[in-house]
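Have a look at the structure below before the remarks.
Bear in mind these aren't lab numbers, they're just calculated from the coordinates by the rules spelled out. Computed from a predicted structure; not experimentally measured. A quick note on method: Cβ atoms are made from the backbone with ideal geometry, for glycine too, and the neighbour counts reach across all protein chains shown.
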Amino acid sequence: MFREKFDLSGRAAVVTGGGRGIGLACAQALAEAGARVVIAEIDEAVAGEGKAALAKAGHSVDSVRLDVTDPDAVRAAADALNTRFGAIDILVNNAGIARSGTAAEEVADEHWLNVLDVNLNGTFWCARSFGAAMLARRRGAVVNIGSMSGYIVNKPQKQSFYNASKAAVHHLTRSLAAEWADRGVRVNAVAPTYIDTPLTRFGMEDPELYRIWLDMTPMRRVGRPDEIASVVLFLASDAASLMTGSIVLADGGYCCW
C-alpha cells in the first residue's frame, strides 16, 4: 500500500533548471519513480550534460530549452509539452540564481531585478502556465524550490535580494495552494540549507565563510542534492496527498538556532 504511493508510472514531470545540481537530482528521483521527465534549461549544453548523466544511470529523459523569465516562452512550452505527453502531472520549479555577497546599499537595479525575475517571476510564470492545464484536469502537483533563506537572514554573506526572492516563493506557494486546493492541484515547497552545488561553491571554497556556515548548522555539514530530491519526490507523489501549502525545511537543523 505505502510503496505504491511513491510510484509515478504513467506520469510526466517537468523540472526547470534540471540539468545540474538539485534539479538534476530531482529529475533522477522522479525518473527512478517511473515518471517521464523533461529537463527545462536555458542552456542547451547544460541540458545535454544532464541527459547524458541520467542516461549513464539508466534513465532516458527529454529536454527543452526554456527561459523561465519569458512568460510567452513558458506558455508556449507548457502548451507544447502538454500536447506531446497528454498531460504534465508534475512541475518542479527549481530554476534559480543567487549572486550573493553584495550589500543592500550597493545592489544595482539590474542585480535586484535579475534575481527576482528568475527566482520569483520564473516560478510564477511556470506555475501559472503548467498549473492552468492541471486545473483543467483537476489533478497535478507543483513543487517549488525555496530556501531556508526565506525564513532567516544568512550570515555572514549579504544577500537581501536572494532572501527576499525566496521568502516570496514561500508565500506564493501558500497562496497558490489555497487557491487551487479544491480543484485537485497541490502546491508545496522545499526550503534547503546550503547544498553542495555550483551555486554554493563560492562559500565552500572560502575557509572562513564555510566555517561559519557549519558552525551555524547543528548537523555540522552542508546537504547533498539527492537529499533535497528525496523530499521533492515525496511532495510530488501520492504519499503527500494531504499536503498542500507546506514549506518543508531540509536544513540540517539550521533554523533551530
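If you fit an axis through the alpha-carbon atoms of helix 160-180 and take the longest principal axis of the Cα set of the chain, what angle between them do you get, 0 to 90°, nearest 10?
30 degrees
Defining a contact as two alpha carbons under 8 Å apart and six or more residues distant in sequence, what relative contact order in percent does segment 129-222 show?
Over segment 129-222, the number comes to 33 percent.
How large is Rg over Rh for segment 61-203, taking Rg from the Cα atoms and Rh as the Kirkwood inverse mean of 1/r across Cα pairs?
Value, to two decimals: 1.00.
What is segment 93-152 by shape, rounded, prolate or oblate, if you read a ≥ b ≥ c off the alpha carbon gyration tensor as root eigenvalues and call it rounded for a/c under 1.5, prolate for a/b larger than b/c, and oblate otherwise?
Verdict is prolate for segment 93-152.
Taking θ as phi - 60°, what are the ³J(HN,Hα) couplings along segment 206-222 by the Karplus curve (6.51, -1.76, 1.60), each to the nearest whole Hz, with x for Gly and Pro?
10, x, 6, 5, 5, 4, 5, 4, 5, 4, 8, 10, x, 6, 6, 7, 8
Would you order H111, H59 from fewest to most other beta-carbon atoms within 10 Å of each residue's own beta-carbon?
H111, H59
N114 label point, 7 Å along Cα→Cβ, cut-off 20 Å on backbone N: hits in segment 69-86?
Within reach of a label on N114, which here means backbone N under 20 Å from a point 7 Å along Cα→Cβ, segment 69-86 contributes 69-71.
How would M134, M1, M243, M148 line up from fewest to most surrounding beta-carbon atoms within 10 angstrom? Please list the in-between numbers first.
Numbers: M134 26, M1 4, M243 15, M148 21.
Taking fewest neighbouring Cβ atoms as first place, the list is M1, M243, M148, M134.
If you split all Cα-Cα distances of the chain into 10 Å bins from zero, what percentages do you get per bin, shortest first?
In order of increasing distance, the bins hold 8, 32, 38, 19, 4, 0 percent.
List, largest first, the extents of the alpha carbons of segment 135-191 along their principal axes, each in whole Å.
45, 14, 13
Using the Cα centre as the reference, give the magnitude of the dipole from point charges on the C-beta atoms of segment 96-183 (Lys, Arg: +1; Asp, Glu: -1; all else neutral), rounded to the nearest 20 debye.
560 debye
Amide H to amide H, which residues 5 or more places from R36 or on other chains are under 5 Å from it, using H placed in the peptide plane?
G10, R11, A12, A13
Can you spot the lysines whose alpha carbon is less than 21 Å from K155's alpha carbon? Ignore those fewer than 8 places along the same chain.
K166
Taking Cα pairs under 8 Å and at least six residues apart, what relative contact order does segment 79-149 come out at, in percent? Write down the numbers at each step before the final one.
On the way: 53 pairs, mean separation 36.0, N = 71.
This gives 51 percent for segment 79-149.
Would you kindly calculate the translational diffusion coefficient of segment 156-227, applying Stokes-Einstein with the Kirkwood radius from alpha carbon pairs, for 37 °C and a viscosity of 0.692 mPa s, and quote it in µm² s⁻¹ without decimals?
228 µm²/s
So who's got an amide H within less than 5 Å of the one on D251, skipping anything under 5 residues away but keeping other chains? H placed 1.01 Å off N, in plane.
T193
From the square roots a ≥ b ≥ c of the eigenvalues of the alpha-carbon gyration tensor of segment 1-107, which class results: rounded (a/c under 1.5), prolate (a/b over b/c), or oblate?
prolate
Can you list the aspartates and glutamates whose alpha carbon is less than 14 Å from that of K158, not counting same-chain residues fewer than 8 positions off?
Leaving aside aspartates and glutamates fewer than 8 places away in the same chain, those within reach of K158 are E105, E106.
K56: which aspartates and glutamates have alpha carbons under 16 Å from its alpha carbon, excluding same-chain residues fewer than 8 sequence positions away?
Filter leaves E32.
Suppose every K and R has +1 on its Cβ and every D and E has -1 on its Cβ; what is the size of the dipole of the chain about the Cα centre, in Debye to the nearest 20?
800 debye
At a 10 Å Cβ-Cβ cut-off, how would you order F85, F2, F234, fewest neighbours first?
Details: F85 16, F2 6, F234 19.
In order of increasing Cβ crowding within 10 Å: F2, F85, F234.
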